[in-house]
Amino acid sequence: MNASVLPQDALREHIQIHGRLLAEVPDALSNLHQAGRKQLQDQALPHRRLEAWRYTSIFPLVEADALTRPLEDADPAPARVNAVNQIVFVNGLLSRVALEDSGLSVRTWAELDDEEQTALIKASEAAQRSGEHPLAVVNQALASEAILIELDDSTELQHPLVIEYQCQGDESGSAHPRVWLQAGRFARADVVEIFSQQAAGQLHNSVTHIQLDAEARLTHTLITPESDGFQVHGIHASLARSSRLEVMTFATGAALRRLDLNVRHAGEGGELVLNGVYLTRETRHFDVRTVVDHTVPHCETDEIWRGIVTDESRAIFNGRIHIHPHAQQTRAEMNNNNLLLSDRAEVDTKPELEIYADDVKCAHGATVGRLDDTALYYFQTRGIDRKTAYRMLSAAFVQEVIDDFPDTPGRALATQLADQFHLDTSEQA
Amino acid sequence: MLNIDNLKARVEDKEILRGLTLHVRPGEVHAIMGPNGSGKSTLTHVLTGKEGYEVTGGKVTFKGKDLLDMSPEDRAREGLFLAFQYPVEIPGVSNLQFLRTAVNSIRKYRGEEELDAAAFMRLAREKAKQVNLPADFLKRGVNEGFSGGEKKRNEILQMLLLEPSLMLLDETDSGLDIDALQTVAEGVNAMRSPDRGIVVVTHYQRLLDYIVPDYVHVLAKGQIIKSGGRELALELEEKGYGWLGINDETTEAQG
């Protein structure tokens with residue numbers, strides 16, 4: 001690569017190369033790709049001068065050539081958790097769909113009629129129009145597969161739906177799976193999205209659109225294990241009247257990891273819980289940006305994020321809650337607390353409230369601290385060695401958030417990954 | 001069992017202990033009294049191994065072993081227990097989990113079998129009753145939101161569970177009303193036995209009405225300047241520290 005080329009320009013070139021590869025073999029996804037490419041023309045790609053990308057450089061993506069080609073089709077590994085309702089993607093391509101509960105259906109892009117496709121493309125464009133989701137636009141332009149998951153009205157899903165995204169092989173390249181999840185009126189479901197690790201040089205860039213109709217209730221648990229590659233995931237959710245969404249995230253670090261969680265309160269009486277835990281170590285990176293829009297009155301948002309950041313890792317929390325002028329009687333709370341366990345680690349935290357209505361209850365806060373020496377000493381005077389004390393104290397910091405996750409295989413997996421992290425990092429105590 | 005000989009220690013550049021000697025034999029109760037800044041808290045923290053205290057002279061043996069050479073956790077496992085003046089709040093770690101980890105660390109060190117959750121729960125409930133702590137305190141975070149008296153009773157609960165051979169009580173009476181003081185004292189007295197030693201560190205003699213000492217020592221400027229029987233505490237109560245030529249309240253450093 002020519003050193004004088006800006007990374008975002010190089011990235012655009014890589015995307016074009018990838019796009020031409022896809023266009024050589026037209027398939028059912030071509031109309032989705034085309035619409036995406038069109039949006040991409042007016043879309044600024046991420047660079048460090050954009051506030052939303054200030055702390056995360058896309059240079060490693062450029063350097064690894066991750067975007068110039070798709071990941072090859074590959075055989076699946078055994079699923080991480082066994083589930084009655086299961087969808088598995090491998091390298092961005094749909095590998096397995098097994099649904100046992102009634103009222104739940106999955107269709108691929110090819111199985112949708114023109115009208116449905118047009119509606120979904122429109123919905124995506126609306127969500128991406130702000131210009132703040134460049135990698136979601138890239139996902140659309142290069143989509144590896146797109147599926148529509150539907151929960152019929154009044155369906156109460158008996159078992160969680162587990163969506164697993166695997167990356168196989170060690171060749172560099174990128175995968176861009178896209179999911180639309182629509183929950184009908186009064187539907188109830190627990191959904192878990194589990195990501196796998198990526199090999200160095202691999203990019204997994206996924207997007208999940210969530211649409212909750214009136215009175216629907218959905219929990220959505222995200223699990224991202226440690227990775228040597230790049231992972232980007234965007235959630236774009238819209239909540240109709242009196243619906244409730246819980247998005248619970250368990251995240252670790254990757255060579256580059258970026259989560260964009262966007263929720264729009266579009267109907268009165270909506271409730272949102274947007275909690276997360278992140279644990280980063282070594283030289284890994286984690287960046288989460290949450291944007292919640294209150295556009296109507298009488299909605300609630302609760303957001304708690306706890307992070308433990310150690311070694312030479314870096315974590316970024318940027319949370320924004322935007323209360324629009326008509327959103328009276330909004331209640332919104334956002335907190336971000338960090339344990340910084342190494343002098344070489346870095347946390348950047350920026351909770352933001354933007355309020356344009358006058359009758360609202362809102363609060364936000366952020367802390368960055370270390371493990372309390374007095375607490376460690378207290379444990380020791382009771383015969384508990386320093387390593388165990390360190391492990392118990394760091395676990396205590398995040399476990400109460402994980403304990404609030406809905407009871408799905410996601411919570412068990414998060415607990416297991418967190419325990420391993422605490423055990424490994426306490427070795428340095 | 002505890003032999004402190006000519007102990008000298010400093011915090012940063014400030015010399016706090018200046019040659020302190022104290023011998024505690026099994027079964028004895030010693031009270032160390034002294035004004036603020038005399039070195040009382042420094043003594044307890046040097047004995048338990050808190051960071052930030054530098055020992056510059058003297059030696060301490062506990063059951064014949066060099067105490068100052070041990071990690072804080074090994075001192076506890078050998079049977080040393082400090083009841084804190086200000087017990088630490090630890091949200092997120094349940095009292096039960098904390099206590100069980102502590103008890104099992106010590107049992108393991110002694111080569112005893114670790115207690116399972118059910119067996120420990122029974123034991124903890126029984127001991128909690130003894131110090132008038134309702135059982136739901138076991139489920140709460142360690143000292144989280146406890147009142148001053150509840151924290152001190154929780155310290156005594158830990159002491160009852162860990163069954164130390166030497167107990168150091170650091171200003172255990174501070175912040176306690178009479179009822180709480182009595183409960184705490186009963187807990188301590190229940191532990192009195194011919195093979196245990198107790199060192200009560202206190203500014204006032206009030207606690208000594210309930211935990212009656214065999215010996216009373218007056219600590220001033222990092223040394224024990226006078227020792228006697230119980231009557232010495234009463235004399236101090238009546239006459240104040242000025243009687244011994246010690247300037248109370250004016251000393252700037254908190255021991």
Checklist line | Span from the the stretch B:156-187 Cα centroid across to the the stretch A:1-40 one, whole angstrom | finding: 72
Notebook entry, point to check: How would A:313, A:238 rank on accessible area, largest to smallest, probe 1.4 Å?
Noted result: A:238, A:313
Next item on the list: With a/c under 1.5 counting as rounded, go ahead and sort chain A into rounded, prolate or oblate using the C-alpha gyration tensor (a ≥ b ≥ c being the square roots of the eigenvalues; past the cut-off, prolate if a/b is larger than b/c, else oblate).
Entry: rounded
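Of A:387/B:152; B:65/B:152; B:63/B:152; B:14/B:239; B:8/B:59, which ones are farther than 19 Å apart at the Cα? Walk me through the numbers on the way to the answer.
Details: A:387/B:152 26 Å; B:65/B:152 30 Å; B:63/B:152 27 Å; B:14/B:239 30 Å; B:8/B:59 9 Å.
Cα-Cα > 19 Å for A:387/B:152; B:65/B:152; B:63/B:152; B:14/B:239; rest within.
If we count every other residue with Cβ under 13 angstrom of residue A:381's Cβ, Lys/Arg +1 and Asp/Glu -1, where does the sum land? Don't skip to the answer; put the middle values down first.
Values: positive: A:382, A:386, B:50, B:75, B:77; negative: A:373, A:385, B:51, B:73, B:74, B:78, B:155, B:170.
Neighbourhood net charge equals -3.
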Notebook entry, point to check: Picking from A:236, A:265, A:14, which is most flexible by a Gaussian network model of chain A using Cα springs under 10 Å?
Noted result: A:14
Notebook entry, point to check: Which peptide among A:218-228, A:31-41 comes first, and what is the full order, when sorted by highest mean count of other Cβ atoms within 10 Å?
Noted result: A:218-228, A:31-41
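Counting Lys and Arg as +1 and Asp and Glu as -1, each charge on the Cβ, what is the dipole of the protein assembly as shown about the Cα centre in debye, to the nearest 20?
The dipole magnitude comes to about 1760 debye.
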Item checked: Whole-number accessible area per residue in Å² for chain B, which is evaluated in the context of all protein chains at 1.4 Å -> 43
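Work through the residues other than residue B:237 whose Cβ is under 12 Å from its Cβ and net out their charges, Lys, Arg +1 and Asp, Glu -1. Write out the running numbers ahead of the final one.
Numbers: positive: B:206, B:230, B:239; negative: B:209, B:231, B:235, B:238.
Result for the neighbourhood of residue B:237: -1.
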Note to self: Just to confirm the number: angle between the C-alpha axis of helix B:230-239 and the first principal axis of chain B, 0 to 90 degrees, nearest 10?
What the structure shows: 60
Checklist line | Per-residue [θ]222 nm for chain A (sum of -39500 (n - 2.57) over DSSP H runs n ≥ 4, rounded to 500) | finding: -7500 deg cm²/dmol
Item checked: Amide H partners (placed H, <5 Å) of residue A:366, local residues excluded -> A:336
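What does the charge count around residue B:79 come to, taking other residues whose C-beta lies under 12 Å from its C-beta (Lys +1, Arg +1, Asp -1, Glu -1)? Display every interim value, and only then the final one.
On the way: positive: B:63, B:65, B:75, B:77, B:110, B:196; negative: B:74, B:78, B:163, B:195.
Once positives and negatives cancel, what remains is +2.
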Notebook entry, point to check: How large is the convex hull of the Cα atoms of the stretch A:13-149 per residue, expressed in Å³ as a whole number?
Noted result: 147
Check: Going from most exposed to least, what order do B:105, A:95 have by accessible area with a 1.4 Å probe?
Finding: A:95, B:105
Notebook entry, point to check: Relative to the longest principal Cα axis of chain B, at what angle does helix B:178-191 sit, 0 to 90 degrees, rounded to 10?
Noted result: 80
Checklist line | In Hz, Karplus ³J(HN,Hα) per residue of the stretch A:312-327 (6.51, -1.76, 1.60; θ = phi - 60°; x = Gly, Pro) | finding: 10, 7, 9, 10, 10, 10, 10, x, 10, 10, 10, 9, 6, x, 8, 7
Item checked: Of the GluC sites (Glu not before Pro) in the stretch A:276-362, those whose Cβ has at most 15 other Cβ within 10 Å and which sit in DSSP loop -> A:282, A:312
Next item on the list: Please give the solvent-accessible surface of residue A:154 in Å², to the nearest 10, using a probe radius of 1.4 Å with every protein chain present.
Entry: 80
Notebook entry, point to check: Which one of A:24, A:215, A:400 has the biggest mean-square fluctuation once chain A is modelled by GNM with Cα springs under 10 Å?
Noted result: A:24
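Looking at the square roots a ≥ b ≥ c of the eigenvalues of the Cα gyration tensor of the stretch B:107-168, which shape do they give, rounded for a/c under 1.5, prolate if a/b is larger than b/c, or oblate?
Values: a/c = 2.12, a/b = 1.40, b/c = 1.51.
Oblate.
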Next item on the list: Work out which helices of chain A, taken as complete DSSP H runs, extend at least 18 Å along their axis over the Cα atoms and score a mean Kyte-Doolittle of -0.5 or more, then list them.
Entry: A:386-403, A:409-426
Check: Within straight cross-link reach of residue A:122, meaning Cα distance under 16 Å, which aspartates and glutamates are found once same-chain residues fewer than 8 apart are removed?
Finding: A:113, A:114
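Based only on Cα atoms, what mean projected area does the convex hull of the stretch B:2-244 have, in nm²?
Details: hull surface 51.4 nm².
Taking a quarter of the hull surface, the average projection is 12.8 nm².
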Margin query: Probe of 1.4 angstrom, ligands and nucleic acids ignored: what's the accessible area per residue over chain A, in square angstrom?
Written below: 39
Next item on the list: Give me the angle, in degrees from 0 to 90, between the Cα long axis of helix B:117-130 and the longest principal axis of the Cα atoms of chain B, rounded to the nearest 10.
Entry: 50
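The values are calculated or read from the model by the stated rules, or taken from the named source; none is laboratory data. Because the structure is predicted, anything quoted here is derived from the model rather than measured. Reconstructed Cβ throughout: ideal geometry from the backbone, glycine too, with neighbour counts over all protein chains shown. The protein model used for the area step is the full one, side chains on, heavy atoms only, and it has no ligands, DNA or RNA in it. Shrake-Rupley method; radii C 1.70, N 1.55, O 1.52, S 1.80 Å.
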